[in-house]
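Here's the structure we're looking at; comments come further down.
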Amino acid sequence: MAVESITGAVPAAGGSARLSARGVAVGYGARPVIDGLDVAIPPGVVTTIIGPNGCGKSTLLRTLSRLLKPTSGTVVLDGEDIAGLRTRDVAKKLGLLPQAPVAPEGLTVSDLVARGRHPHQSWLRQWSSDDAAVVGRALAMTGVADLADRPVDSLSGGQRQRVWISMTLAQGTDLLLLDEPTTYLDLAHAIDVLDLVDDLHESGCTVVMVLHDLNLATRYSDNLVVMRDGAILAQGHPREVITAELLHEAFGLRAKVIDDPVGDRPLIVPIGRAHVELDPVSAELAQ
Amino acid sequence: MRPGGTAVKVPVAPGVRLGGVSFVWRPWTAGVTVLLAAAAFLVFCLSIGVGDFPIGLPRVLATIAGRGEQVDEFVILDLRMPRALAGLVVGIALGVSGALTQSIARNPLASPDVLGITSGAGAVAVFLVTASGGAATAVVDSVGLSAAALAGGLGTGLLVYFLAWRRGVDGLRLILIGVSVTAVMQAVTTWLLVTADIRDVARAQAWLVGSLDNRSWDEVRVALWCTLVLLAVVSCAAFQFKPMHFGDEIAAGLGVRYAAVRAVLLLCAVLLAGVAVSAAGPVPFVALVAPQVAMRLARCPTPPLVASGMVGALLLTGSDLVARTALPVSLPVGVVTAAIGGPFLVYLLVRANRR
């Protein structure tokens, strides 16, 4: 399949990591959330960071995007220390979508997506024909071109999330960092947004996201990063990483991992106390 | 879904492009802004014509263009122009200042009145007028009451900003601290007025109501130049501010150094409000209502800077005209700005609800 980014440029070749963290320590105030963590984001795949609440997933994503400055260690973007780059240059290479962003009331979809061109604009050059063309493609790629004149606040949650992703695409980057893109969405809209993420992956984008739903993370990513207490517990393809033991270690969750009846990925069936009927062998396995 | 190499026809905003310069073309917003500017200029000219010696609009226009008679020139340029120009400048400064503070706080309640700038300037002015000490008199003699009030407004505005600072500025926190500081400043003002000598109180009251009476060319010239310089800074920084309507994180993701941009623009907003207060006293409500009216007239999702300035100028010059002509008693302009601006904003809000 022809790989093509939104600007028509061929993405950086080679198997080396687009984005990596080396020995980073980050914290809010004096409390370290992450201490001495190493991670490499492979190019051209969907990487999902999972882990229990408060384990530092979002902190890691925010550090990778330079929203947070590490107290020690470095983040490397395409071979360069991200701390030494200009904010604008980072924005041209890396698109970031924070959790639950809010648009001003009445702002139209096309105006919101157009704002994604900001890193390429200047005081005198606020709306070039390049800008218009890239915004057009970003709207089309995310399937929101028909909604271009609608106010963002009149859309459903799933459509709104598509619009925000469209804005980060309009930055002209093929490296997207999404912080819980499915928060507040019902399952159908969550699937809709993740299908879009998969489309972007198919067209050559590298995606890093934080997800809460483990089965969606397993279904939609090629690389899982499992975190606990600010450290990485396991990393790799979902088929290799997701086991009952790991889920217990990471989340303290009793679960059974079975083959997905509709796909080739593992499926996690959580075991709580209510309405569970286990045969003795499975019960023992699940312990 | 495929991006492909073919040109996709999609509805994005049209642009104006000349060489390397390009802008988004929004006919409605541009048209409304031009109309507002024309209306403000018309009221400005009408206001100049009104008085004990009435002058018709054609003669006012001719005199402004430099082709008037000598008598008209004296009355218009020397006597009436400072007052009218002060109204225009103060209105623009307040409108832009309000648009900036409301955008920065992402909250329509955040106007310079709420953020303590006006009340701080008022408290300092009243203190200097009522204090009978040698130091206060010396301050007023050396820098003038207006400059001292300006310093008081700036000091209070900066105090609110630093108190509200906690790893960034949260709009609601900024407003709450602004309201608290305003309350303290108003208490101080009231206390000074209650305990002061009655003749000083009259002078202080005259300053506190906000008025355009008896402006001199010197005062207006200072206000005009300060406002022009500040507007130049604002227009340079405004482009970087655009993504900040979506919050700090989105702005950072789009390559904006948001803390620096916000600090510069908030300082400009505080200075603009301070210049307005020192030129006309604390005229209430213009900075709050002008950006909201401009947003609705120009159909923008966020307060438009230029249109807000024009609405501010129109509101202030219009109110001054009404205060001087339509009412049996001469009222301070501040009373009329609130009386006209408030109902008009309510009308726009009610009409939007019914749509």
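The values are calculated or read from the model by the stated rules, or taken from the named source; none is laboratory data. Because the structure is a prediction, the values reported are computed rather than measured. We place every Cβ from the backbone using ideal geometry, glycine too, and count neighbours over all the protein chains shown.
Report yes if residue A:224 is part of a helix (DSSP H, G or I) and at pLDDT 95 or above, otherwise no.
Numbers: part of a helix (DSSP H, G or I): no; at pLDDT 95 or above: yes.
No.
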(Q) One residue is enough: does region B:6-19 have a residue meeting the conditions of a type in the set (Gly, Ala, Ser), within 14 Å of chain A (Cβ to nearest Cβ) and surrounded by 15 or more Cβ atoms within 10 Å (Cβ to Cβ)? (A) yes
(Q) Need the failing condition index for residue B:103 against (1) touching a Ser or Thr at 6+ places or on another chain (Cβ under 7 Å); (2) of a type in the set (S, T, N, Q); (3) in a loop (DSSP other than H, G, I, E, B), just the number. (A) (3)
Q) Would you call residue B:78 more than 25 Å from residue B:302 (Cα to Cα) and assigned to a helix (DSSP H, G or I)? A) yes
Q: Could you check residue B:319 against (1) buried (at least 24 other Cβ atoms within 10 Å of the Cβ); (2) over 11 Å from the mean Cα position of the chain (by Cα); (3) in contact (Cβ under 8 Å) with a residue 40 or more places away in the chain and say which number it fails?
A: (3)
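Residue by residue, here is whether (1) at pLDDT 95 or above; (2) in contact with a helix residue (DSSP H, G or I) (Cβ under 6 Å, 6 or more places away or on another chain) holds:
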residue	(1), (2)
A:136	no, no
A:157	no, yes
A:167	yes, yes
A:177	yes, yes
A:185	no, yes
A:194	yes, yes
A:203	no, no
A:218	yes, yes
A:230	no, no
Q) Can you name every residue in region B:319-339 that is under 29 Å from residue B:106 (Cβ atoms) and either of a type in the set (Phe, Trp, Tyr) or at pLDDT 85 or above (or both)? A) B:319, B:337, B:339
Q. Quick one: would you say residue A:129 is at the interface with another protein chain (Cβ under 9 Å from one of its Cβ atoms) and of a type in the set (S, T, N, Q)?
A. yes
**Q.** Matching residues in region B:213-263 - criterion: being surrounded by fewer than 20 Cβ atoms within 10 Å (Cβ to Cβ), away from chain A (no Cβ under 14 Å), farther than 29 Å from residue B:325 by Cβ and of a type in the set (A, V, I, L, M)
**A.** B:228, B:229, B:231, B:263
Q) Are any of the residues in region B:276-291 buried (at least 24 other Cβ atoms within 10 Å of the Cβ), within 14 Å of chain A (Cβ to nearest Cβ), touching a His at 6+ places or on another chain (Cβ under 6 Å) and under 24 Å from residue A:108 (Cα atoms)? A) no
